[in-house]
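Asker: The structure follows.
The values are calculated or read from the model by the stated rules, or taken from the named source; none is laboratory data. Please read these numbers as outputs of a predicted model, since none were measured by experiment. When we count neighbours, we look across all protein chains shown, and the Cβ atoms used for this are built from the backbone with ideal geometry, even at glycine. We work out accessible area using only protein heavy atoms, side chains counted, and drop any ligands, DNA or RNA first. Shrake-Rupley method; radii C 1.70, N 1.55, O 1.52, S 1.80 Å.
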Amino acid sequence: MRFTADLGDGYSLALRTSATVPAMHRLTEKNIDRLRQWEPWAQDKQSESGQAAFTQVQLDQFARGAVVPTVILRGDEPIGSASLTLDDYLGNAELGYWIDRDEEGRGIVSRACAALIEHAAELGTRRVEIRTAELNQRSCRVAERLGFAREGLLRQALPIGESRLDVALYGLLV
């Protein structure tokens, strides 16, 4: 099982593996307060064993062609995550991503997403979606920079703790 993409300037995408678990756990812990604002999974206590279990599920889904789970690397060090969830039946995919707060604002997430969109197109995907909390302006700007059209608002679709956030739905035809 392999997937890599050169993002330029010393950054790359690589397949999430068991070898990435310790570094991704540390990175998640470093960014957990920020991630808890936007991610339902970040509400739970994080552990390295949980990260390992998640990684194994992702790799099993990758082997079935349902997910492309990657880590964003600077050199050999993970600095974020980007994934592509594939629906072969509908020819659709959904992008998810996050990056270390110290790496924000450099266009790395946009480059990672562009590489995954290109991969999706090579697999025959016709439509890629990004669903993000409407208030997550950084994530919305990634979608807009990549040429996604804002197609709608899913009211209170994202449970975050005791709250529910509205979700902006973006689509791109590839």
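Asker: Suppose the filter is within 17 Å of F3 (Cβ to Cβ) and among the acidic types (D, E); does D60 pass it?
Answerer: The answer is yes for D60.
Asker: Tell me which residues, restricted to the stretch 121-130, are surrounded by fewer than 17 Cβ atoms within 10 Å (Cβ to Cβ) and not basic (K, R).
Answerer: Answer for the stretch 121-130, where residues must be surrounded by fewer than 17 Cβ atoms within 10 Å (Cβ to Cβ) and not basic (K, R): A121, E122, L123, G124.
Asker: Is it the case that I117 is free of Cβ contacts under 8 Å to residues at least 60 places away in the same chain and in contact with a Phe, Trp or Tyr (Cβ under 6 Å, 6 or more places away or on another chain)?
Answerer: The answer is no for I117.
Asker: Applying the selection to the stretch 115-140, what residues are within 11 Å of A168 (Cβ to Cβ) and either in a helix (DSSP H, G or I) or polar (S, T, N, Q) (or both)?
Answerer: Hits for the stretch 115-140 are T132, N136, Q137, S139, C140.
Asker: Additional query: Scan the strands (runs of 3 or more DSSP E) fully inside the stretch 19-108 and keep the ones with 2 or more residues being open to solvent by 60 Å² or more (accessible area, probe 1.4 Å).
Answerer: 77-87
Asker: For residues that are in contact (Cβ under 8 Å) with a residue 12 or more places away in the chain and either open to solvent by 100 Å² or more (accessible area, probe 1.4 Å) or more than 22 Å from L90 (Cβ to Cβ) (or both), tally how many sit in the stretch 131-149.
Answerer: 11
Asker: Mind listing just one residue for me: the one in the stretch 150-174 that is out of contact with any helix residue (DSSP H, G or I) (no Cβ under 9 Å at 6 or more places or on another chain) and aliphatic (A, V, I, L, M) and, of those, least open to solvent (accessible area, probe 1.4 Å)?
Answerer: V167
Asker: Check whether at least one residue in the stretch 147-156 is of a type in the set (A, V, I, L, M, F, W, C) and within 23 Å of P40 (Cα to Cα), and report yes or no.
Answerer: yes
Asker: Of all residues in the stretch 33-80, how many are acidic (D, E) and either touching a Lys or Arg at 6+ places or on another chain (Cβ under 7 Å) or more than 27 Å from R138 (Cα to Cα) (or both)?
Answerer: So the count comes out to 2.
Asker: Oh, and also: What are the residues in the stretch 5-25 that are within 13 Å of V68 (Cβ to Cβ) and either touching a helix residue (DSSP H, G or I) at 6+ places or on another chain (Cβ under 6 Å) or modelled with pLDDT under 95 (or both), if any?
Answerer: Matches in the stretch 5-25: A5, L13, R16.
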